[in-house]
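The values are calculated or read from the model by the stated rules, or taken from the named source; none is laboratory data. Since the model is a prediction, treat every value here as computed from it, not as a measurement. Neighbour counts run over all protein chains shown; Cβ positions are idealised from the backbone, glycine included. Surface accessibility is based on the protein's heavy atoms, side chains included, excluding ligands, DNA and RNA. Shrake-Rupley method; radii C 1.70, N 1.55, O 1.52, S 1.80 Å.
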Amino acid sequence: MITRRTALRAGIASASVLGTAGLLLPAVNAAANEGDTGGGAAEPDLDPAAIPKFAQRMPLPPVLSPYLVTATTSYYSMTMKEAAKEILPGRSTTVRTFNGSFPGPVVKAETGRRVVVRQTNTLAHPTSVHLHGAHVPPDSDGSPMDLIAANGGTKTYTYPNTQPHANLWFHDHAHHLESENVFRGLTATYLLTDDTERRLNLPSGTYDVPVQLRDARFAESGALVYEMHDIFNRNVVLANGKPWPYFEVAARKYRFRIVNAANMRFFELRLADGSEIIQIGSDGGLLPAPHRTASVPVSPGERADIVIDFSRYPVGSTIELKNVSTAAPGPVELIGRVLQFRVTRSAADSSVVPAVLRTLPALPAVTGQRSIELRMDETGSPNDLAYLDGKVYDMNRIDQEIAYGASEIWTVTNANQLAPHNFHMHLVQFRVLERNGRPVTSGPESGLKDTVSLLPGETVKLQATFTGYRGTYVYHCHIFDHGAMGMMANMRIS
Ligand code: C2O
Ligand code: CU
Ligand code: CU
């Protein structure tokens, strides 16, 4: 139950919240409810309030099997294709998928073993498959310009897996198409493990659960309704492709590998009783030490690796996982809810969350500094643009020249008063040194990161070290629509 107090704490007073939120964005189309940018007959929206809450089980994405395994390499093949799925009870939704799964399948990889994925694109739109957070050569990065042709194009990506364990994810990155492709389903999970992680006795097997979170908007028919910049109408929360599902658990510890796969939606996860969530990892693997907290913020693209101990609840209890983020607007009775845990049985539990999870390598000596500014027009005009360092993305312009081997401090600022952004770099896992002038020495940002949230006016200092590969990679705001509006740039490492 959402009490008024909870609602106020969330900074969201009622369903008519939009006042709090000149926030996310300007180019909100007033006629948004009429839907359909494709020019077809406009169809009314499905009222999200009419979707039963906690009525469907949260599914687990299938684990993909390699078609060939050699001494050094596992070979996979994936096909991007449309599929009809029952997301909403009794309705069919056409989605864009990897291998017909919504969300896509899980690839399990190990540090030191190469993964090769042959992608075939049978969709009617070009795609580019990016493995978010991966340290890979430029021709396997899935950059915005490196397209796989529509209607049957193929490309083979090679992932060397030379980095430590990390929770990575696949998503489309075709410039100006990624926002819609991702909204319509082109995401999948990639879990990279190594000895550091394996030698810990964290919850594993069926107690280790990948969860992709996102929001969505549907028409009465069940069709997904996509519009640029449509944060105000995406009021259905999906966990592993189902709206507000439930998940049955035993009264013991579980590990959840959360990915925020939403285009624009910031989540901040909290158990309804405010009890402890142990954050053990972030984007680039485990934190140095567990972070015990009541809430876990995850901006678009970020990952949170968390442990919840259900042994404190009697069998028969239900516990809701809520979203209390105030960074993105939405009716609290919809957007404020995520999923429901049902404690259905007891179970033995020999897993442990140790006081020390990993040791991060020492930071190299700093060789240079740069400042980066994220800013977008906030006039509300449909022609609003979004800028990195005052410039709109040009795929043919190199914005930062970086010497191979450099270790640099980047000071990244969100210069907007209203719009939240975040900052993602390809190629590297960086370290967050400071947030708003305060050193980051523990907590959720003390591990390896590839994406950091930047609420209006915030500044983050990070240190990135450019080794491994030479070439051109992008960095950008991970609100896909902001990237498409221009908030993206190229760095060349040479
Ligand atoms: Cu997850 Cu350039 O992106
Ligand atoms: Cu990325
Ligand atoms: Cu942004």
Quick one: which residues, 5+ away or cross-chain, put their amide H under 5 Å from the amide H of Thr187? H built at 1.01 Å from N.
Phe98, Gly104
Run down the aspartates and glutamates and flag those whose C-alpha is under 19 Å from the C-alpha of Lys322, throwing out any fewer than 8 positions away in its chain.
Asp215, Glu248, Glu268, Asp273, Glu276, Glu302, Asp305, Asp309, Glu333
Normalise the Cα radius of gyration of the chain by 2.2 N^0.38 Å (N = residues in it) and let me know the number.
0.91
I need the phi-derived Karplus couplings for region 173-186: 6.51 cos²θ - 1.76 cosθ + 1.60, θ = phi - 60°, integer Hz, Gly and Pro marked x.
9, 5, 4, 6, 10, 4, 4, 6, 4, 5, 4, 8, x, 7
Considering the zone a paramagnetic label at Thr196 would reach in this model (a point 7 Å from Cα along the Cα-to-Cβ line), which residues of region 442-486 have amide N under 18 Å from it?
442-451, 463-468
Excluding residues fewer than 8 places away in the same chain, name every one of the lysines whose C-alpha is closer than 29 Å to that of Lys155.
Lys81, Lys85, Lys108, Lys449
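Solvent-accessible area per residue for region 368-493 at a 1.4 Å probe radius, Å²?
Ligands and nucleic acids excluded, the result is 35 Å² per residue.
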Name the shape class, rounded, prolate or oblate, that the alpha-carbon gyration tensor gives for region 416-482, where a ≥ b ≥ c are the square roots of its eigenvalues, rounded holds for a/c under 1.5, and otherwise prolate holds if a/b is larger than b/c and oblate otherwise.
oblate
With all protein chains modelled, accessible area of Arg118 [1.4 Å, Å²]
100
Cross-link candidates for Lys391: which aspartates and glutamates have Cα within less than 17 Å, leaving aside residues fewer than 8 places away along the same chain?
Glu373, Asp377, Glu378, Asp399, Glu401, Asp481
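Helix-only mean residue ellipticity at 222 nm, the chain, DSSP H runs n ≥ 4 weighted -39,500 (n - 2.57), per residue, nearest 500. What is it?
-1000 deg cm²/dmol
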Sites Ser92 and Ala272 - FRET efficiency at Förster radius 30 Å, r taken between beta-carbons, to 0.05
0.40
Rounded to the nearest 0.05, what FRET efficiency is calculated for Ala347 and Glu43 with R0 set to 56 Å and r the Cβ-Cβ distance?
0.75
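Provide the net charge surrounding Thr193, with neighbours chosen by a C-beta distance below 9 Å and charges set as Lys +1, Arg +1, Asp -1, Glu -1.
Once all neighbours under 9 Å are counted, the net charge is -2.
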When the dipole is taken about the Cα centre of the chain, and only Lys, Arg (+1) and Asp, Glu (-1) are charged at their Cβ, what size is it in debye, to the nearest 20?
1480
Residues Arg292 and Asn436, FRET efficiency given R0 of 30 Å [Cβ-Cβ distance, rounded to 0.05]:
0.85
What number, in nm² with one decimal, is the all-direction average of the projected area of the convex hull of the alpha-carbon atoms of region 322-471?
13.9
P(r) of region 205-346 over all Cα-Cα pairs, binned every 5 Å from zero, in whole percent:
2, 10, 19, 24, 20, 13, 8, 4, 1, 0
What distance in nm separates the two pseudo spin-label positions at Asp139 and Thr79, each 7 Å out from Cα along the beta-carbon direction?
2.7
